[in-house]
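These notes are about the structure you will find just below.
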Amino acid sequence: MSRAQLPFVAFVFATAILGLPGAAVAHAEHEAGGALIWNEWSLTPDIVIATVLATGIYIAGILRRRAAAKRPWRDAAYFAGVAAVFIALATPIDHMAEHLFAMHQIQHLLLRMIAPMLIALSAPQAMLISGLPAPLRRGALAPLAGSRAIRAIFGFLMRPVPVTALFIASLAIWQYPPYHDAALLNDGIHYTMHVTMLAAGLMFFWRVFDTRPSPAGASHGVRLMMLVAAVLPHIALGAYTTLKGGVLYPAYDVVGRLFGVHPLIDETVGGFVIWVPSSMMCLAAAIVVLHMWGKQEERTEERRLARLDIAVPATGAALVAEAAPKNKAMALGVLGFTLAMFVSAFLIGLIDHIETHARERAELTHTARP
C-alpha cells in the first residue's frame, strides 16, 4: 500500500467508527416489538457529525484544489456514497431493519456494496487529504503513513486474495443464523457487524477500482476474478435463503416482525436481495473494470505510438505478437467471468432441486403417518 493510500484508508475507517455508534445507540433506545413508523430517524450526534465531517473535508479539498482537473462525476459519486451510508443508518431503514430480515438486507446492501462502490469510484484520497487541516496532516497522517508496521499490515490485507476473503467473510459470517440472531439481539454485536461490513466493502472495492495500473495496482484480469469470487457466495447464499422451506432467523420473531409479515415471506424477500441485487452490483463493478481496462490499453497504445521512432515492430506479425499477451489476459478474464455465471446457474438449479426433493420427502412422510 502506498503512502498516498494509507491516509485515505485511515480517514474512512475513522469516520466509519465515529458514525456507526449512533446506530447502536438507536438500537438500544428502541424497545423490542414496539410500533415503528415511517418518520423514525436516527439523527444522533455521532451520525450527523460523521456525515458533516466526511462532506465538509471533501468540499474543503475541492476548494483548495481548484486548479486541478475538473472531476464532477467523481465528486457526485463520493457525495452519493456518503449519502448511502447516511440513508442506511439514519433514516427509518435502520429501525425497520431491526424487525424485518428483508429490510436488514437492504441496509446491508447499502453498507457493504453501494456506498463502498461509490466512494471507491470517486478516488477521493487527494481531495480528503487536501481538505484536512495542515496540523492534522503533519501531526497525525504523516506519521501514520510513514509507519512500516501499519503499512505492512494494510499492504497484506489489501492484496487481492486477503481482501476478497474479508469481503466474502463479511457476508458469510454475519448471515450465519446464530451470529445474525445474536447481532439482532445485542447492540454491541450489531455495531461490530455494521463496522466490519462497511470496512470490508471499502477495502474490497478500493482494490477493485484502484486507479493505479499494474504492477502498483492489481491487473484488471485479477480484479475480474475478485468479482467472480465475490459474486458466487452471494448467488449461492441468496438462492438458498430464498428457496429454503423453514425459518432461519427466529430472532425477528422475538423482537416482533413489522407489519405482520410472515417469516418465510420476509426471509424469501431478503434472500432475493442477497441473490439478485447484490450479484448485480458485482456485475456492474465488472463492467466498470472492463471499461477501465480498455482505457488503460488506449493509454498504453498512445505511449507506444509516441515511441515509434525509437522501436518499431518490423512486421505485422510482430505487432500481433506484441499485443497477444494483453489480449489473452483480457480474454481469460471475460471467459472466467462467463464461466462463473454458468457455474452459478448450475448451483442455483442444484440447490433448488435439493430443496424441492427435501420438501417432497417431508410431505410424503407426513402423508404416510397414520
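Does F101 fit the bill of being surrounded by 23 or more Cβ atoms within 10 Å (Cβ to Cβ) and either at positive phi or more than 17 Å from the chain's Cα centre (by Cα) (or both)?
So F101 passes the test.
Need a quick list: helices (runs of 4 or more DSSP H) entirely within the range 167-283 having at least 1 residues that are among the small types (G, A, S) and closer than 28 Å to S122 by Cβ.
It comes to 187-208, 220-243.
Scan the range 26-51 and report the pairs whose first residue is surrounded by 15 or more Cβ atoms within 10 Å (Cβ to Cβ) and outside any helix (DSSP H, G or I) and whose second residue is modelled with pLDDT of 70 or more and aliphatic (A, V, I, L, M), with Cβ atoms within less than 7 Å and a gap of 6+ or a chain change.
So the pair list comes out as L36/M96; L36/L258; S42/L89; S42/A90.
Return only the number of the condition from (1) touching a helix residue (DSSP H, G or I) at 6+ places or on another chain (Cβ under 7 Å); (2) part of a helix (DSSP H, G or I) that L63 does not satisfy.
L63 satisfies every listed condition except (1).
Show me the helices (runs of 4 or more DSSP H) found entirely inside the range 114-161 where at least 3 residues are surrounded by fewer than 18 Cβ atoms within 10 Å (Cβ to Cβ) and free of Cβ contacts under 8 Å to residues at least 40 places away in the same chain.
Counting at least 3 such residues, we get 148-157.
The values are calculated or read from the model by the stated rules, or taken from the named source; none is laboratory data. Please read all numbers here as calculations on a predicted model, not as lab measurements. Cβ sites come from the backbone with ideal geometry, for glycine too, and all protein chains shown count toward neighbours.
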